[in-house]
Amino acid sequence: MMSDKHAALANQSRGRPLSQQELDLAAAMERIYATGEHDYEKVAAALQRDNVARPSGAAGPWSAAVLGDELKRINASLDEAYAKHGIGA
C-alpha cells in the first residue's frame with residue numbers, strides 16, 4: 001500500500017488534474033495496449049469501435065493522425081499548466 005506522501009508524488013509533474021475525457025482516453029488506451037496492440041492505426045480503430053470521445057471535444061472518426069493530435073494537445077496543455085502552476089495538481 002502506498003503512503004499518502006508517496007501517493008502525492010504519483011502526479012507531481014502535473015500542473016492540473018486530467019479532465020474526465022482525458023482519463024477516459026487513458027483508460028481506453030490502457031485496455032487496448034493490454035491486448036498487445038500498439039500500432040496507432042489499430043489503436044485508433046479500437047477507440048472508434050469503442051466510441052471513445054476525443055478529449056478536445058472535436059467530432060469525427062479516430063485515426064492515427066487524430067490520436068497523435070489529441071495526445072500532442074493534451075501534452076501541450078499539461079506543459080502549459082505546469083509552467084503556470086508548478087507541480088502537484
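Values quoted throughout were computed directly from the atomic coordinates according to the rules given, and no laboratory measurement underlies them. Keep in mind that this is a model prediction, so the values were computed, not measured. Counting neighbours? That spans all protein chains shown, and the Cβs are built from the backbone with ideal geometry, glycine included.
Using a ≥ b ≥ c from the Cα gyration tensor of segment 18-85 (square roots of the eigenvalues), is it rounded, prolate or oblate, where a/c under 1.5 gives rounded and otherwise the larger of a/b and b/c decides, a/b for prolate?
Values: a/c = 1.96, a/b = 1.70, b/c = 1.15.
In terms of gyration-tensor shape, prolate.
For Y82 and A53, what is the calculated FRET efficiency with R₀ set at 22 Å and r taken between the beta-carbons, to the nearest 0.05?
Details: r = 25 Å, r/R0 = 1.12.
The calculated FRET efficiency here is 0.35.
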